[in-house]
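Each remark here refers to the structure printed beneath this line.
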Amino acid sequence: MKLFRNYIYQSSADFTRAMLWEAKYIFRDKAVFFSFVMVSVLVSFLYTYLYSEETLQELPIGVVDADNTAQSRQLLRMIDANSGVAIYNSYPNLAEAKKAFQQEQIRGIVTIPSRFSHNLQRGEQPSISVYADASYILYYKQVLTAAKMAAVYLNAGVEVKRTSAQGKLPAQATDEAMPVSAKVVSLYNPSSGYATFLIPIVFVIIFQTTILTAVGILGGSMREGNKLHKIYPNSHTFFGALPIVMGKATTYLGLSMVILLIILGIVMPLFGIPMRNTMLTTMVFMTPFILSIVFMGLCLLNFLRRREDAIMLIMYTSLPAMMLTGFSWPSVAMPEWLNVFSYIVPTTLGAKGFISITQMGASLPTIMPYWLGMWGLCLFYLLLATLTLRKILR
């Protein structure tokens with residue numbers, strides 16, 4: 001019993017010391033404070049501000065109207081009425097339009113052939129050509145969508161006129177021209193905005209990158225200066241290293257929760273990113289996510305002997321981590337082994353759960369598999385982090 005009491009006393013002292021020393025070094029070391037606290041907040045504001053427009057508006061396009069009839073001009077007016085594009089100029093031929101496209105004055109070209117109206121009146125199906133910048137998928141989508149929607153409505157109008165000419169009522173002619181009426185409802189992202197889709201994932205990636213960088217820089221500094229042995233001289237066993245790991249993680253968890261509150265309470269409302277759940281639910285889910293990142297960062301100290309090593313190793317992880325989440329590229333299109341590997345990285349489950357809670361309004365019981373999976377990762381990395389710290393302390 002006495003040994004147990006001594007262990008509890010020693011562990012409590014080490015836990016408190018680790019928590020306070022970690023906080024002290026975070027605020028004392030400018031590189032750590034900037035890479036963790038300042039970068040998390042500033043990058044969250046900056047990224048959200050950059051994508052705050054949500055959708056492209058008034059994308060400039062050029063037109064080549066070789067027909068120049070009432071029907072061709074009507075089609076162009078319908079294209080120009082789409083909020084996503086705006087007709088910048090009309091060109092006499094495709095060569096002139098192509099020159100403007102190469103000079104980036106316009107982002108797409110719509111050409112109408114010379115017999116467009118003639119073919120319409122004869123009941124034949126004319127075609128229009130759409131040239132769009134497919135190297136930028138948003139430009140391509142915007143131009144193509146505007147042209148296709150205008151063509152669909154023009155076809156419907158022509159069909160209504162043809163049916164009405166046969167003596168049918170306008171309502172009956174409309175029903176025959178459009179026998180199926182489709183109603184599209186964009187769930188969770190009504191404006192189909194890019195920011196609503198991307199920014200919540202970016203927040204999760206920011207947490208992982210900044211926490212790993214801070215843990216790596218600070219851990220590398222302590223290894224480089226042999227400070228861990230001086231601060232914790234009698235904690236070279238597994239159960240001696242465990243409270244130190246927990247103390248360090250508690251400091252990062254507390255600071256991360258403050259940053260999370262800034263993101264949820266200021267950044268997202270300020271730029272119109274939906275928040276469809278309570279802050280408490282979000283913070284409860286994010287607790288094991290943040291802890292697992294800290295523990296993973298302590299595991300990486302095996303490979304970080306200097307503070308510069310953390311920057312060189314971790315700065316390249318953000319893009320692969322985003323790919324592995326399955327949002328930038330579908331998980332079903334990835335190799336199976338890569339899918340399995342992705343669940344070792346905290347951001348995979350973290351991003352799925354964070355999106356479900358904040359954007360879809362899911363309750364914690366609904367995403368319980370994600371939450372339990374995060375706790376499983378947390379325990380796994382806690383074990384590895386403790387073994388790593390014990391190895392360093394010995």
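The values are calculated or read from the model by the stated rules, or taken from the named source; none is laboratory data. Because the structure is a prediction, the values reported are computed rather than measured. Virtual Cβ from ideal backbone geometry, glycine too; neighbours counted across all protein chains shown.
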Does F271 count as within 20 Å of G376 (Cβ to Cβ) and either in contact (Cβ under 8 Å) with a residue 40 or more places away in the chain or among the charged types (D, E, K, R) (or both)? no
Segment 91-121, residues that are farther than 16 Å from A150 by Cβ and part of a helix (DSSP H, G or I): L94, A95, E96, A97, K98, K99, A100, F101, Q102, H118, N119, Q121
Restricted to segment 221-267, and to residues that are more than 21 Å from K24 (Cβ to Cβ) and part of a loop (DSSP other than H, G, I, E, B), which residue is modelled with the highest pLDDT? T237
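Out of S72, S44, S35, S40, I need the residue that is in contact (Cβ under 8 Å) with a residue 40 or more places away in the chain, of a type outside the set (D, E), part of a helix (DSSP H, G or I) and not assigned by TED's automatic domain parsing to the domain that holds T251. Which one? Break it down stepwise before answering.
Details: S44 fails: not assigned by TED's automatic domain parsing to the domain that holds T251; S35 fails: not assigned by TED's automatic domain parsing to the domain that holds T251; S40 fails: not assigned by TED's automatic domain parsing to the domain that holds T251.
Of the residues listed, the single one that is in contact (Cβ under 8 Å) with a residue 40 or more places away in the chain, of a type outside the set (D, E), part of a helix (DSSP H, G or I) and not assigned by TED's automatic domain parsing to the domain that holds T251 is S72.
Looking only at segment 269-321, filter to residues that are among the hydroxyl-bearing types (S, T, Y) and at pLDDT below 90; which one of those is nearest to the chain's Cα centre (by Cα)? Spell out the reasoning first.
We begin by selecting, within segment 269-321, every residue among the hydroxyl-bearing types (S, T, Y); these are 278, 281-282, 287, 292, 316-318.
Going one step further and asking which of them are at pLDDT below 90, we end up with 316-318.
Details: Y316: 17, T317: 15, S318: 11 Å.
In this case the residue turns out to be S318.
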Exclusive hit being outside the structural domain of L260 (by TED's automatic domain parsing) and in contact with a Pro (Cβ under 6 Å, 6 or more places away or on another chain), set Y88, Y131: Y88
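Quick one: is E124 in a loop (DSSP other than H, G, I, E, B) and touching a helix residue (DSSP H, G or I) at 6+ places or on another chain (Cβ under 9 Å)?
Values: in a loop (DSSP other than H, G, I, E, B): yes; touching a helix residue (DSSP H, G or I) at 6+ places or on another chain (Cβ under 9 Å): yes.
Spelling it out, E124 is indeed in a loop (DSSP other than H, G, I, E, B) and touching a helix residue (DSSP H, G or I) at 6+ places or on another chain (Cβ under 9 Å).
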Within segment 130-152, track down each residue that is within 23 Å of the chain's Cα centre (by Cα) and basic (K, R). K141
What single numbered condition from (1) modelled with pLDDT under 85; (2) in a helix (DSSP H, G or I); (3) hydrophobic (A, V, I, L, M, F, W, C) fails to hold for A134? (2)
